[in-house]
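Report on one structure; see the data block that follows.
The values are calculated or read from the model by the stated rules, or taken from the named source; none is laboratory data. Since the structure is predicted, the reported quantities are computational estimates derived from the model, not experimental observations. Note that we place each Cβ from the backbone using ideal geometry, even for glycine, and neighbour counts take in every protein chain shown. The accessibility values were calculated without ligands, DNA or RNA, using every heavy atom of the protein model including side chains. Shrake-Rupley method; radii C 1.70, N 1.55, O 1.52, S 1.80 Å.
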Amino acid sequence: LVPGRAQRKGGQAVEEKVMVSSDLRRKQQIRLLKDNNSVLILILILAAAFIFIPNYSKGFYNVINYVAMYGPVCLGLGLVMITGNIDLSVGFQAGSAGVVSVIVFNAVYNGSNAILALVLCILAALVCGAVTGFINGFVVAKIGVSPLIATIASNYAFQGFVFLFAQSSFQAEDTDTIRLIAKTQIGGMRWFTPTAIIFLVLVVLVFLWMYKTRFGNRLHVVGDNPEAASFAGISVPRTVWATYVLCGVLAAVTGFFMVSNAGYAVYNQGNSLSTLPISCCVIGGIKMAGGKGTAVHILLGVLIMRVISQMMAAKFLGTEWVNMITGILLIVVLIIDRFTSTKNADE
């Protein structure tokens, strides 16, 4: 009887190990879906575009140029969102930087120093972005005002500044020079421009900064649990403040890219960026509650949004269709995120 009991116990132990192993595989599959749903969405959308839309590949360079232009502001907002905060003023931070870049370019340019004027206007735009981000960070992190309220208020202030100078359009005196960054085609390839190179470099730098530096690693800790981060010796206000400054600088990059693409600043350039960066970050996989997300997620989100817009344009569908489909996709992504959250995956 003893050998029989031992054999039965051994069989039960094997069954329990199999059940535990199966449960672990299920949890790993759920986490895999959670972390890579944006990849699956992008693959499906690209497949649909290339299969069902004739000659879609010929206009794909527009997707790359669009992503390069608006990607920096999405990167900046993503950093803020990872800390569990929000910035609703990024559109007119970009617009303000664009206006400042044109002001400085026209002030410096005298007909023979175009490159110097271009360099100085780029630096001025970045300084403008750092100042606007510093203001938002001070109000949110230092004073303690709700980021939603603070950035709505600052958005009105930045919008007023843009309207003062660009009520119709505010053109650079030498449009050919200021458009060099956005319009130069390297090797004759329409998708291979300085803006694309700059954005790719920014993605790599932000990714490495988030995972290879101590300060970058703090972002996820602060977003996941600010109290635990504070107990661990992390200065939460300083970390949040820094992300707002970086967000302003990256928004300024997009602001200059928009001016470089058009040759002038327009008063409503910031309107298009009121919700687009948030949508890109959420679809890409940045968590609204903070603590999750990478630069790659943001890149995926911008790609998804632009591919959808390009598909609608190829089918001659209006903006209302783009907005409706984007909204439905956002809802689907949020539902997937809700049912594949870390908490649920561990239960």
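Based on alpha-carbon centroids, what's the gap between region 130-161 and region 55-102 in Å, whole number please?
Centre-to-centre (Cα) distance: 18 Å.
Pairs of Cα atoms under 8 Å, at least six residues apart: use those to get the relative contact order of the chain, whole percent.
On the way: 530 pairs, mean separation 112.2, N = 347.
Value for the chain: 32 percent.
If I compute solvent accessible area with a 1.4 Å probe over the protein chains, what percent of it on the chain is carbon and sulfur?
Carbon with sulfur: 66 percent of the solvent-accessible area.
Can you work out the base-10 log of I(q)/I(0) for region 218-295 at q = 0.11, 0.14 1/Å, using the Debye formula on its C-alpha atoms alone?
Calculated log10 I(q)/I(0) at the listed q: -0.40, -0.61.
Quick check: the angle from helix 60-82's long axis to the longest principal axis of the chain, C-alpha only, nearest 10 degrees?
70
Counting only heavy atoms of protein chains, what accessible area per residue, in Å², does the chain have with a probe of 1.4 Å? Mind dumping the intermediate values first?
Details: 17400 Å² over 347 residues.
Here the per-residue accessible area is 50 Å².
Per-residue accessible area for residue 142 at 1.4 Å probe radius, Å² rounded to 10?
Per-residue accessible area (residue 142): approximately 140 Å².
Consider a paramagnetic label point 7 Å from the Cα of residue 116 along Cα→Cβ; state which residues of region 172-213 have an amide N under 12 Å from it.
none
How would you order 318-331, 114-127 from highest to lowest mean count of nearby Cβ atoms within 10 Å?
Working: 318-331: 13.4, 114-127: 19.0.
Listed from highest to lowest mean packing, they are 114-127, 318-331.
Can you work out ³J(HN,Hα) from phi for every residue in region 101-113, in order, using Karplus 6.51 cos²θ - 1.76 cosθ + 1.60 and θ = phi - 60°, giving whole Hz and x for Gly and Pro?
Ordered by residue, 3J(HN,Hα) equals 4, 5, 4, 5, 4, 5, 6, 8, 5, 10, x, 10, 10 Hz.
Could you order 57, 235, 89 so the one with the most accessible surface comes first? Probe is 1.4 Å.
Details: 57 75, 235 45, 89 0 Å².
Ranked from most to least accessible, the order is 57, 235, 89.
Return a whole-number percent for the relative contact order of region 195-347, with Cα pairs under 8 Å and 6 or more residues apart as the contact set. All intermediate terms of the calculation are to be shown ahead of the outcome.
Numbers: 97 pairs, mean separation 32.1, N = 153.
RCO, region 195-347: 21 percent.
Run the helix sum for the chain: -39,500 (n - 2.57) per DSSP H stretch of 4+ residues, divided by residue count, reported at 222 nm to the nearest 500 deg cm²/dmol. List each step's numbers first, then the result.
On the way: 15 runs with 262 residues, N = 347.
After summing the helix terms and dividing by residue count, I get -25500 deg cm²/dmol.
Roughly how tilted is helix 194-212, in degrees to the nearest 10 and between 0 and 90, from the longest Cα axis of the chain?
Orientation of helix 194-212: about 40 degrees from the principal axis.
Taking Cα atoms, how many degrees apart are the long axis of helix 236-262 and the longest axis of the chain, rounded to 10 and kept between 0 and 90?
Here the helix axis deviates by roughly 50 degrees.
With Cα extents along the principal axes in Å defined as stated, name the option among (1) 50, 45, 40; (2) 63, 41, 35; (3) 102, 55, 36 computed from the structure displayed.
This structure yields the entry labelled (3).
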